[in-house]
Amino acid sequence: MALTQVQGGMIGGLPTGSVLQVVNATYSTIVSNSTSTYADTNLTATITPKFATSKILVLVNQNGCRKQTNDTYIQLRLVRGSTAISTFAGGSAYTGTTTTNDIGSVSTCYLDSPATTSATTYKTQLASGSNNAQVNVQTVSDTSTITLMEIAG
């Protein structure tokens, strides 16, 4: 069935709020950062919305989150293209000491309105909050996931 915009909040016979497409990606290689400058975690996915009125529901599960020595913490954010749209771990794994802290996973659910029908890339980025010690995401045995769902607007 071809999807077309029609009156009454329906798209190709589907009501507003219907899922039009789903994109999923995974990443499972260790990424580290020892600075407060955000760096890509390599967890990324791209979706091309069918309609400019669509919403994109972004579901992220970032695994293998760990702070190493020194008094620091993990910062994670969600980025659309080159624009940060949500910080979903502002002080994770913080201990107030130099103790290493493995916290497992950090997740987020974000509803975005990109207002485009162009290919749109979402990714996560990682920073060391105190700019003085290493923080990591992913391990050899952990897989992080990002799922993008286009929702009819």
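The values are calculated or read from the model by the stated rules, or taken from the named source; none is laboratory data. What you are looking at is a predicted structure, and each value in this text was computed from that prediction instead of being measured. Note that each Cβ is placed from the backbone with ideal geometry, even for glycine, and that neighbours are counted across all protein chains shown.
Has the stretch 76-94 got at least one residue that is modelled with pLDDT of 85 or more, outside any strand (DSSP E or B) and out of contact with any Leu (no Cβ under 9 Å at 6 or more places or on another chain)?
Our first condition is that a residue be modelled with pLDDT of 85 or more; within the stretch 76-94, this holds for 76-89.
Filter once more, so that each one left must be outside any strand (DSSP E or B): 81-82.
Now narrow it down to the ones that are out of contact with any Leu (no Cβ under 9 Å at 6 or more places or on another chain): 81-82.
Yes - at least one qualifying residue is present in the stretch 76-94.
Condition first: part of a strand (DSSP E or B) and among the hydroxyl-bearing types (Ser, Thr, Tyr). Now tell me which residues in the stretch 95-114 satisfy that. Explain how you work it out, then say what you get.
Within the stretch 95-114, the subset part of a strand (DSSP E or B) is 101-112.
If the condition is that a residue be part of a strand (DSSP E or B) and among the hydroxyl-bearing types (Ser, Thr, Tyr), then SER105, SER107, THR108, TYR110 are the ones that fit.
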Quiz item: Which of the residues that make up the stretch 52-92 are within 24 Å of THR116 (Cα to Cα) and of a type in the set (S, T, N, Q)?
Solution: THR53, SER54, SER82, THR83, SER86, THR87
Quiz item: For the stretch 88-108, which residues satisfy the criterion of being farther than 17 Å from THR145 by Cα and of a type outside the set (Phe, Trp, Tyr)?
Solution: GLY90, GLY91, SER92, ALA93, THR95, GLY96, THR97, THR98, THR99, THR100, ASN101, ASP102
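Any chance the stretch 69-90 includes a residue that's of a type in the set (Phe, Trp, Tyr) and within 16 Å of VAL31 (Cα to Cα)? Before the answer, list the steps.
Just the residues of the stretch 69-90 that are of a type in the set (Phe, Trp, Tyr), to begin with: 73, 88.
Still in the list and also within 16 Å of VAL31 (Cα to Cα): 73.
Yes, the stretch 69-90 has at least one match.
Give me the residue from the stretch 17-28 that is part of a loop (DSSP other than H, G, I, E, B) and surrounded by 14 or more Cβ atoms within 10 Å (Cβ to Cβ) and, out of that set, modelled with the highest pLDDT. Walk me through it before giving the result.
First, pick out the residues of the stretch 17-28 that are part of a loop (DSSP other than H, G, I, E, B): 17-18, 28.
The next check asks that each one be surrounded by 14 or more Cβ atoms within 10 Å (Cβ to Cβ); those that pass are 18, 28.
Working: SER18: 95, SER28: 92.
Filtering first and then ranking leaves SER18.
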Exercise. Kindly provide the set of residues from the stretch 115-128 that are hydroxyl-bearing (Ser, Thr, Tyr) and not in a strand (DSSP E or B), ordered by number.
Key: THR116, THR117, SER118
Quiz item: Among the residues of the stretch 49-64, is there at least one that is aliphatic (A, V, I, L, M), closer than 22 Å to SER144 by Cα and at pLDDT below 95?
Solution: no
Quiz item: Hey, among LEU78, LEU111, LEU126, which residue is among the hydrophobic types (A, V, I, L, M, F, W, C), surrounded by 15 or more Cβ atoms within 10 Å (Cβ to Cβ), out of contact with any Cys (no Cβ under 6 Å at 6 or more places or on another chain) and closer than 17 Å to THR147 by Cβ?
Solution: LEU78
Self-check item: Residue in the stretch 100-153 that is nearest to GLY64 (Cα to Cα), counting only those that are acidic (Asp, Glu) and within 17 Å of the chain's Cα centre (by Cα)
Solution: ASP142
Practice problem: State all residues of the stretch 53-75 that are surrounded by 21 or more Cβ atoms within 10 Å (Cβ to Cβ) and on the phi > 0 side of the Ramachandran plot; if no residue qualifies, say none. | Solution: GLY64
